[in-house]
1. If you take the residues of the range 208-233 that are in contact with a helix residue (DSSP H, G or I) (Cβ under 6 Å, 6 or more places away or on another chain) and in a helix (DSSP H, G or I), which of them is surrounded by the most Cβ atoms within 10 Å (Cβ to Cβ)?
2. Filter the range 212-251 for residues that are without any contact (Cβ under 8 Å) to a residue 60 or more places away in the chain and touching a strand residue (DSSP E or B) at 6+ places or on another chain (Cβ under 9 Å) and give the result.
3. In the range 130-139, which residues are out of contact with any helix residue (DSSP H, G or I) (no Cβ under 7 Å at 6 or more places or on another chain) and touching a residue at least 24 places away in the same chain (Cβ under 8 Å)?
4. Considering only residues of the range 164-180 that are in contact with a strand residue (DSSP E or B) (Cβ under 9 Å, 6 or more places away or on another chain) and surrounded by fewer than 21 Cβ atoms within 10 Å (Cβ to Cβ), which is nearest to residue 250 (Cα to Cα)?
5. Filter the range 55-68 for residues that are out of contact with any strand residue (DSSP E or B) (no Cβ under 8 Å at 6 or more places or on another chain) and loosely packed, with under 14 Cβ neighbours inside 10 Å and give the result.
6. Within the range 14-39, count every residue that is at pLDDT 90 or above and either in contact with a helix residue (DSSP H, G or I) (Cβ under 9 Å, 6 or more places away or on another chain) or not assigned by TED's automatic domain parsing to the domain that holds residue 82 (or both).
7. Read through the list (1) surrounded by 15 or more Cβ atoms within 10 Å (Cβ to Cβ); (2) touching a helix residue (DSSP H, G or I) at 6+ places or on another chain (Cβ under 7 Å); (3) not in a loop (DSSP other than H, G, I, E, B), then give the number of the only condition that residue 203 fails.
8. One residue is enough: does the range 168-186 have a residue meeting the conditions part of a helix (DSSP H, G or I), in the same structural domain as residue 240 (by TED's automatic domain parsing), more than 24 Å from residue 231 (Cβ to Cβ) and without any contact (Cβ under 8 Å) to a residue 24 or more places away in the chain?
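The values are calculated or read from the model by the stated rules, or taken from the named source; none is laboratory data. All values derive from a computational prediction rather than experimental measurement. Positions of Cβ are generated from backbone atoms using ideal geometry, with glycine treated the same way; all protein chains shown enter the neighbour counts.
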């Protein structure tokens, strides 16, 4: 039986960055038994002293932190060293190394990544666009979209759209069902749009739809979770994607983040090719 660890995450901001880093760390260990406690907006030595007093009373305590204010970060590190508590700063060395490479002093401003700048407002705009253009709504705005997702029901179109929107991409998704017609614009001039077809293994989709029906207590939707019907449905969608040469992403064993990363890569490749073609025309 392994030890149980007490993980203390200390951030001088919202803690979002630190939480994501810890998720990445813990995913690498199959037998990692832990309890996690998060402390956000920690900006005084008194707050740090209180956390360290608590962690000192626990066995196998580990502290991870993102504190960008140099004096406070040093205080936390030194106090942990004195108390013999394992303590790891996530951003300190990175900021120092970038400061040297860029030959400029870092501001060491807490929450600097959350500044209300143009990028922030672009992300908000993308989120609003993706929500109002979910599930085939308002396809007349298709020319405004950065990315267009197509796929049969339950192929992660909506969560992928929202994730992409959080990355700043206006995303419109269209379900491949009889009640929704694919806009003729993307068929007639596909090179002007980043269109991605989403697919999934049939048996996996059947399970997802069966669970969905059970949650919704719906048993009268004919063929929705039927494996034979799903196989035909997916085959037709792939046939459509190949007809118009739209890239296909299989989401079966991908998280939303992994699917989005693949889509962004396709988007960037297409954008680069379009810019190169425009440059050649101008020359």
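1. Pass one, the range 208-233, residues in contact with a helix residue (DSSP H, G or I) (Cβ under 6 Å, 6 or more places away or on another chain): 223-225, 227, 230-231.
Next, only the ones that are in a helix (DSSP H, G or I) stay: 227, 230-231.
Numbers: 227: 15, 230: 24, 231: 15.
Restricting to residues being in contact with a helix residue (DSSP H, G or I) (Cβ under 6 Å, 6 or more places away or on another chain) and in a helix (DSSP H, G or I), the top hit is 230.
2. 238, 242, 244, 247, 248, 249, 250
3. 131, 136, 139
4. In this case the residue turns out to be 175.
5. Within the range 55-68, 56, 57 qualify.
6. Counting residues in the range 14-39 that are at pLDDT 90 or above and either in contact with a helix residue (DSSP H, G or I) (Cβ under 9 Å, 6 or more places away or on another chain) or not assigned by TED's automatic domain parsing to the domain that holds residue 82 (or both) gives 6.
7. Of the numbered conditions (1) surrounded by 15 or more Cβ atoms within 10 Å (Cβ to Cβ); (2) touching a helix residue (DSSP H, G or I) at 6+ places or on another chain (Cβ under 7 Å); (3) not in a loop (DSSP other than H, G, I, E, B), the odd one out for residue 203 is (1).
8. yes
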